Amino acid sequence: MPKPTLPKKAVKPAVAAPAARTGASKGACRVALIGFGTVGRAVTKILCETVLGKNGDGSLRLTHICNRNVERKKQAWVQNNVPNNIPSDVIWTDDFHAVLNSDADVIIELIGGLSPAEEIVRGALQAGKSVVTANKQLIARHGPDLLQLASSKGARLEFGASVAGGVPVLPALRTGLCGDKLHGIAGILNGTCNYILSRIESARIPFSEALEEAQARGFAEADASEDLDGGDARAKLAILALAGLGVRVAPESIRARTIRTVEAVDFDYARELGCTIRQISRADLKRDLNQDTLFAEVGPSLVPVSSPFGRVQSNQNLVLTSGKYGGDMAFLGAGAGGDPTAVAVISDLKLVAESLSAGNDRSVARSVSAPLLTPETSCDFETPWYLRFLVRDRPGIVARLAQILSTHQLNIDALLQNPGFDKAALPFVITLEPCRNSQLHPALEEMSALDFAIRPCLCLPILR
Ligand SMILES: NC(=O)c1ccc[n+]([C@@H]2O[C@H](COP(=O)([O-])OP(=O)(O)OC[C@H]3O[C@@H](n4cnc5c(N)ncnc54)[C@H](OP(=O)(O)O)[C@@H]3O)[C@@H](O)[C@H]2O)c1
């Protein structure tokens with residue numbers, strides 16, 4: 001089959017078709033890279049060291065490097081990479097339309113964000129070019145439509161680097177595990193949160209100090225809200241749900257809780273329960289004849305110290321999957337960083353180049369071949385809970401809280417109060433036996449309104 005196939009009418013007029021390449025005779029796969037930042041530079045470096053020019057087998061050729069103000073990027077590259085091993089015939093440009101109009105077979109999109117990344121990816125797919133991207137925001141919001149577009153144009157869209165950086169969990173979900181019926185996915189998907197929580201735990205520093213440290217070490221952006229408040233992780237969870245559970249879910253419909261409210265004292269109390277605290281993203285699909293439900297949320301949670309989640313340190317990522325036939329699987333590794341992420345991008349690129357070379361233009365992805373489910377989204381998990389109160393101490397506080405909990409049919413499992421705290425701001429903990437979020441919520445509102453409460457209690461699920 002000629003590849004890429006070029007639809008006669010649907011292509012945007014401004015975008016030229018790549019020349020047809022068939023079978024082994026078609027020569028090198030022509031690759032254009034758009035976005036020459038951290039990951040783009042790492043992709044270029046590794047391509048130059050492993051597959052381009054004299055280091056390669058001639059199957060790939062880099063045609064363009066595209067970035068705004070590209071001359072500045074080129075100069076910085078030449079200064080920092082002696083000898084400069086980018087082939088001299090590569091075109092450096094700041095005009096992505098020119099790249100879309102070129103004869104490149106594959107576009108690597110590494111700009112990030114929605115605009116102009118969406119225009120670039122749609123334009124490339126429209127023209128029958130395949131796309132490799134690491135863009136989680138784009139795939140989380142438009143993945144199903146873009147996959148559909150790719151499929152209809154006989155092109156491929158690969159996004160293995162968009163979740164968990166260098167950890168090959170998405171390729172595993174889309175191919176290696178597509179023979180199973182997965183029903184659950186849970187992960188530590190945000191390295192910034194994991195770094196900050198690990199530092200609060202190990203150095204016993206306040207959240208604000210841990211954040212400053214993460215920013216100074218390059219593990220957190222100046223505005224880290226997307227990471228801290230769960231926006232980044234829920235976009236990744238939406239992509240995992242798409243690839244692994246065959247579910248179309250809008251990231252905004254997944255509840256996200258911030259890690260900003262976690263304090264060093266919570267790690268002390270968690271430790272007494274055999275646990276630590278991590279930002280966990282989880283999605284469980286419950287199938288039902290009447291209505292499928294995707295239980296999903298992102299937020300700080302207690303996990304056993306001895307569990308796989310409890311052992312994840314610094315900025316690593318971990319994803320656990322649960323399948324009906326294959327049982328549980330774990331994927332662990334570097335969730336970010338130029339080089340690990342570039343490995344995922346290049347692995348996708350090689351896959352695409354091979355399939356183009358073989359004339360196989362159909363993705364084997366389950367998320368394309370099977371119709372997607374559109375379940376109701378809920379955060380109403382049933383779990384045990386950790387409630388940490390901060391109160392102005394006085395007699396009768398525990399009795400009052402116990403009364404409210406009992407009114408709402410909630411069972412106390414344990415009461416923890418360490419000595420040595422200022423009575424004017426006393427932290428103590430109540431843990432609850434399993435109940436649903438919806439059952440707990442009204443009790444929390446009542447308890448937070450009590451006059452001895454200094455601030456609303458911190459409520460975290462305990463994941464056993
Ligand atoms: N870094 C990681 O560890 C990591 C991990 C997993 C996934 N990702 C994903 O990989 C992608 C790239 O991330 P990154 O860390 O490499 O980002 P980055 O360092 O900010 O690089 C983005 C590059 O795109 C350029 N760019 C931005 N807007 C542009 C526009 N409108 N036109 C042309 N060029 C533009 C930027 O140019 P300027 O220099 O002028 O800003 C920069 O060179 C993102 O989707 C990100 O989510 C990154």
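Just give me the residues in region 125-143 being open to solvent by less than 20 Å² (accessible area, probe 1.4 Å) and either closer than 28 Å to Ala330 by Cβ or among the small types (Gly, Ala, Ser) (or both), in sequence order.
Ala127, Gly128, Ser130, Val132, Thr133, Asn135, Leu138, Ile139, Ala140, Gly143
Exactly one condition in (1) within 15 Å of the ligand (Cβ to nearest atom); (2) of a type outside the set (Gly, Ala, Ser); (3) in contact with a Leu (Cβ under 9 Å, 6 or more places away or on another chain); (4) without any contact (Cβ under 8 Å) to a residue 40 or more places away in the chain is not met by Glu109; state its number.
(4)
Can you name every residue in region 26-68 that is within 12 Å of the ligand (Cβ to nearest atom) and more than 20 Å from Glu118 (Cα to Cα)?
Arg41, Ala42, Val43, Thr44
Scan region 113-124 residue by residue and report those that are small (Gly, Ala, Ser) and either more than 15 Å from the ligand (Cβ to nearest atom) or crowded, with 17+ Cβ neighbours inside 10 Å (or both).
Passing the criteria: Ala117, Gly123, Ala124.
Give the number of residues within region 152-204 that are in a helix (DSSP H, G or I), open to solvent by 30 Å² or more (accessible area, probe 1.4 Å) and within 16 Å of the ligand (Cβ to nearest atom).
So the answer is 1.
When you look at Leu149, is it more than 10 Å from the ligand (Cβ to nearest atom), buried (at least 17 other Cβ atoms within 10 Å of the Cβ) and aliphatic (A, V, I, L, M), yes or no?
When the stated conditions are applied, Leu149 passes them.
Have a look at Val343, Val352, Val391 and point out the one that is within 16 Å of the ligand (Cβ to nearest atom) and aliphatic (A, V, I, L, M).
Residue meeting the stated conditions: Val343.
Report yes if Lys73 is farther than 27 Å from Pro371 by Cβ, modelled with pLDDT of 95 or more and within 16 Å of the ligand (Cβ to nearest atom), otherwise no.
yes
If I ask for residues that are open to solvent by 70 Å² or more (accessible area, probe 1.4 Å) and either over 15 Å from Leu33 (Cα atoms) or away from the ligand (no atom under 15 Å from the Cβ) (or both), which ones from region 92-102 would you list?
none
Within region 80-87, is there a residue that is within 25 Å of Leu356 (Cβ to Cβ), in contact (Cβ under 8 Å) with a residue 12 or more places away in the chain and either among the charged types (D, E, K, R) or open to solvent by less than 50 Å² (accessible area, probe 1.4 Å) (or both)?
yes
Output the residue which, of all residues in region 218-231 that are touching a helix residue (DSSP H, G or I) at 6+ places or on another chain (Cβ under 8 Å) and among the charged types (D, E, K, R), is most open to solvent (accessible area, probe 1.4 Å).
Across region 218-231, the extreme among qualifying residues is Glu221.
Of all the residues that make up region 201-231, how many are touching a Phe, Trp or Tyr at 6+ places or on another chain (Cβ under 6 Å) and closer than 20 Å to Ala270 by Cβ?
1
Would you be able to tell me the number of residues in region 304-353 that are buried (at least 22 other Cβ atoms within 10 Å of the Cβ) and either among the charged types (D, E, K, R) or without any contact (Cβ under 8 Å) to a residue 12 or more places away in the chain (or both)?
Residues flagged as buried (at least 22 other Cβ atoms within 10 Å of the Cβ) and either among the charged types (D, E, K, R) or without any contact (Cβ under 8 Å) to a residue 12 or more places away in the chain (or both) within region 304-353 amount to 1.
Could you figure out which of (1) open to solvent by less than 10 Å² (accessible area, probe 1.4 Å); (2) in contact with a helix residue (DSSP H, G or I) (Cβ under 6 Å, 6 or more places away or on another chain) isn't true of Leu294?
(2)
Please go through region 267-286 and give me each residue that is among the basic types (Lys, Arg) and part of a strand (DSSP E or B), ordered by number.
Within region 267-286, Arg278, Arg282, Lys286 meet the criteria.
The values are calculated or read from the model by the stated rules, or taken from the named source; none is laboratory data. Not measured: the values here are computed from a predicted model. Note that we place each Cβ from the backbone using ideal geometry, even for glycine, and neighbour counts take in every protein chain shown. Please note that ligands, DNA and RNA were not included when accessible areas were found on the heavy atoms of the full protein model with its side chains. Shrake-Rupley method; radii C 1.70, N 1.55, O 1.52, S 1.80 Å.
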